[in-house]
Amino acid sequence: MGWQWALLMLLGGVLVGELPSLLASLFMPSPAREVTILSLIGSALWLAAMLAGFHGMSLLVAALPYIRAGVPVPQAFSRAWRVAQGAARPGARGPGPRSRSEHFAAVSHTVLGLPTELYHSPAELAALPAGELRVLLRRARIDPGVGPLEKEDLVRLLLERADTSSQQCSICFEDYAPGDVLRVLPECRHKFHLECVDRWFLSSADGNKEPLCPMCNTPLRLT
């Protein structure tokens, strides 16, 4: 598969992963909707550029030994590419720690699958129907109980259980604004701006470090 197709598949994967947030943004007021859609597209392009740049550098490093041995540059890159393709086949890698490129690919795949949600201000929460409030409670792993609750009680539960990561991104230290797309880490439930936490995890993966939550250092379980 050519790198052009790989890049297109990556962009498609990012957009499919953000499809729930993108659909939710369609019901937002026009200015907030435009900001949300631009944020999703910008995040996809940034992530694709970073991955393409990393794999391009990895291919160059792999081709250098062939070039130094006198192999013509096109053939050197072709050999490095075939070696990389062979290592990527299922069962090709034996037991033991992942290589740097394999670790980066595993982190990238996991980050793309992390859940997202739109930030809702207290006023926006109060305007949501009770059914959507209950969905938000379930996503936040908050038990509303068995008895019927008024909308005000559902909003109160959401606000009472919200931690600092529900109001402010601890990476850029900016308060969330209506329409911001947030990543939710599945283990600790901490939230961050999508572009901030994606950059955080991919930067650590580029250094071959274990991906950890920026707030509590809970490890990100790789898929």
*asked:* Every residue in the range 109-136 that is touching a Leu at 6+ places or on another chain (Cβ under 8 Å), without any contact (Cβ under 8 Å) to a residue 24 or more places away in the chain and not aliphatic (A, V, I, L, M), please.
replied: Arg134
_Just to be sure I understand the filter: pairs with C-beta atoms under 7 Å, separated by 6 or more residues or on different chains, first member in the range 155-182 and of a type in the set (Asp, Glu), second member not in a loop (DSSP other than H, G, I, E, B). Which pairs pass?_
Glu174/Gln168; Asp175/Gln168; Asp180/His193
_Unmet criterion (only one of (1) under 20 Å from Thr223 (Cβ atoms); (2) in a helix (DSSP H, G or I)) for Leu114_ = (2)
_I'd like the full set of residues that are within 17 Å of the chain's Cα centre (by Cα), acidic (Asp, Glu) and more than 17 Å from Glu124 (Cβ to Cβ), limited to the range 156-198._
Glu187, Glu195, Asp198
_So the check is Cβ under 8 Å with 6+ separation or different chains; which pairs have a first residue in the range 137-154 that's under 24 Å from Pro115 (Cβ atoms) and a second one that's modelled with pLDDT of 75 or more and in a loop (DSSP other than H, G, I, E, B)?_
Leu137/Asp143; Arg139/Pro115; Ala140/Arg189; Arg141/Arg189
*Run Cys196 past the list (1) in contact with a helix residue (DSSP H, G or I) (Cβ under 7 Å, 6 or more places away or on another chain); (2) modelled with pLDDT of 90 or more; (3) farther than 14 Å from Ser108 by Cβ and report the number of the one that doesn't hold.*
(1)
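Yes/no matrix, rows are residues, columns are (1) modelled with pLDDT under 85; (2) surrounded by 12 or more Cβ atoms within 10 Å (Cβ to Cβ); (3) touching a helix residue (DSSP H, G or I) at 6+ places or on another chain (Cβ under 7 Å):
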position	(1), (2), (3)
Ala80	yes, yes, yes
Val83	yes, yes, yes
Gly94	yes, no, no
Pro97	yes, no, no
Ser101	yes, yes, yes
Ala105	yes, yes, no
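The values are calculated or read from the model by the stated rules, or taken from the named source; none is laboratory data. Small disclaimer: the values here were computed from a predicted structure and weren't measured. So basically every Cβ, Gly included, is an ideal-geometry build from the backbone, and we count neighbours across all protein chains shown.
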